[in-house]
Amino acid sequence: MALAVGLGSSFVAASSAAPAPYAPIRTPLAVAPPPLVQQLEVSWLHVGEPQSELFALADVSALLPVANSVSIAVPPASGGFDIAEALIGEEQRAFAAALDQWTGAARGVEQRARRKAVAAFYAQRAYAPLWRDGGVWRASAPAAIERLSRARDDGLDLRGVAYPSETRLGGDADELALSEAVVAYATQASGGRLDPRRLSRLIGAHPALPEPGAALGAIAAAGPRAGDMLQDYNPPHEGYRALRAKLVELRSAGLPELDRRFAEASHSVAHDAAPGREAPSAPARRSNALVEAEIIANMERWRWLPRDLGESRIEVNIPDFELAVVREGRVTHRARVIVGKEGTPTPVFSDKMQFIIVNPYWNVPPSILTKEMLPKYGGNLGAIAASGYEVLTRKGQTFVRQKPGESNALGRIKFMFPNDFSVYLHDTPNHALFSSAHRALSHGCVRVDQPFRLAEAVLGPGSGWPEERVRKLVGASERYINLARPLPIHIEYFTAFVDENGRLQLRGDLYGYSAKVRQALGLEG
């Protein structure tokens, strides 16, 4: 609805039903519009018409439930007129003023952005309270407050965000504080405390953060279930929930398994032993504070994963050197893996496996060709070709690849999920390496033990591709097997997890990511 307000006359009429008697000529306003109008982001213009009277025009139909026809008396000597203030009641104007003051009192980039988003949401609802109905809380308020009070159970930190107690109802200040706390909780629970890509360019996680207004509207409308809905912004995964339970247990009574070789951790929680040195086989018992920080850091990394991992999927846990195939929520296959060395880390990301190649070529990465192969062969491409590699030149660039065979660096099979990091799962000609406890040995790709058994597990029951049939494809040329449907694969980084026996397990911080997360979250240790 368009509303015209006369600044030089004693009345104004506007109607979305009646046509305008003339087409007004709009001219820009020479001064800034009032703050409330800026907050509402409505159109504020001077409008000229044949009688040379000045008008202001604002489209407020999307913001306020105003009738089709409005008449407002304006004193000629008013010196200015705020449309938004004229269209809302006295209580709403008071709330808008409190909101403006509250927004202006924000400190820091994060709080300013959060409060600005909250203010925009209230402006869209014409400054109507969200959590109050007259002088009482709506049912959603105490439910949300109760969940906020237990934020620590999910490893969240709301210490810098004040919110009202469940038993006390204040005025506008409590209304706004509760809204800000709800937005802060939903954002943190969704993975908004830190950007994982800032920790390393090899972390390809993209947590989906909630839109503040949408979160506020949904939670406030949930009534007594508001707390449950707020809790649902945390990861739904069983691995996350198991760590959460361990965190609560540790804080209340301690964890018995920590008194028994610290859950048989094979490496330091802070970082692995230096390259070339053996990691301690029986590390000393660590403080509860460090264990708590490590659990929270891993809970945070669960927030980086897609909320829907897939009922059938592949999970690779880099610090645990293990792969698991899950079918309909149940682990059906496990395998040891070799992952990237500390200097050439395996990326952390999610993708979808699409096909398998038996008898693969190995296209030598340019970095390996430049830093390893050329120095090894004295820069002689002919010597490289004589050793069993193909040397190709395309558009002035030299490429080297290794033919399929027993000595191929990828072994006899590789599992493809095209990605920006150019990594995949593959076999290896050196199977003895899988007997090592510390298996960070590759240039970034993931080598898999018993790869043909993995192929059967990946292709799935009923696919017609048992292990024996896949093995029969071994030969001199590449053979492709397409998956019936792409299979989600998640390459993860968990240094703390709960095993199938309900026991907390801790692994070494191979690439130092856990230490970086603890530091970014301000955790002890």
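Packing-wise, with mean Cβ within 10 Å as the measure, how do 194-203, 369-378 rank, highest first?
Packing order, densest peptide first, comes out as 194-203, 369-378.
Given K403/K472; K246/K341; K341/K371; K116/K516; K341/K376, which pairs have Cα atoms separated by over 22 Å?
Correct reply: K246/K341; K116/K516.
Using the basic label-point model (7 angstrom from Cα toward the beta carbon), what is the A173 to A245 distance in nanometres?
4.2
Measure off 7 Å from each Cα along the Cα-to-Cβ vector at A105 and R150, then give the distance between these two points in nanometres to one decimal.
Each label point lies 7 Å from its Cα, and together they span 3.0 nm.
Which residues among the stretch 357-377 fall inside the zone where the amide N is under 19 Å from a point 7 Å beyond the Cα of N482, along Cα→Cβ?
So the set is 357-359.
Alpha carbon centre of the stretch 109-158 versus the stretch 447-507: separation in Å?
For the stretch 109-158 versus the stretch 447-507, the Cα centre distance is 45 Å.
To the nearest 10 Å², what's T393's accessible area with a 1.4 Å probe?
Per-residue accessible area (T393): approximately 100 Å².
Send over a whole-number figure in Å² for the accessible area per residue of the stretch 91-246, probe 1.4 Å.
About 46 Å² of surface per residue is accessible.
Note down the net charge around N317, summing +1 for each Lys or Arg and -1 for each Asp or Glu among other residues with Cβ under 10 Å from its Cβ.
So the environment of N317 carries a net charge of -3.
Could you work out how far apart the two model spin labels at A208 and N419 are, taking each label as a point 7 Å from the Cα in the direction of the beta carbon, and quote it in nm?
A separation of 1.9 nm, rounded to one decimal place.
Round to a whole number: what % of the accessible area of the stretch 345-481 belongs to carbon and sulfur, probe 1.4 Å?
Carbon and sulfur atoms account for 50 percent of the accessible area of the stretch 345-481.
Compute the FRET efficiency between E372 and K352 as 1/(1 + (r/R0)^6), taking r as their Cβ-Cβ distance and R0 = 35 Å, and round to the nearest 0.05.
0.65
Between R469 and S252, take the C-beta separation as r, use R0 = 56 Å, and let me know the FRET efficiency to the nearest 0.05.
0.60
Suppose R0 equals 30 Å. What FRET efficiency, 1/(1 + (r/R0)^6) with r the Cβ-Cβ distance, do D232 and R198 give to the nearest 0.05?
For R0 = 30 Å, the calculated efficiency reads 0.65.
Just to be sure I understand: if I project the alpha-carbon convex hull of the stretch 350-443 onto a plane and average over all orientations, what area do I get in nm²?
Value for the stretch 350-443: 7.6 nm².
The values are calculated or read from the model by the stated rules, or taken from the named source; none is laboratory data. Quantities reported herein were computed from a predicted structural model and do not represent experimental measurements. Glycine gets a Cβ as well: all are built from the backbone with ideal geometry, and neighbour counts include every protein chain shown. Surface areas here come from the heavy atoms of the whole protein model, side chains and all, with no ligands, DNA or RNA. Shrake-Rupley method; radii C 1.70, N 1.55, O 1.52, S 1.80 Å.
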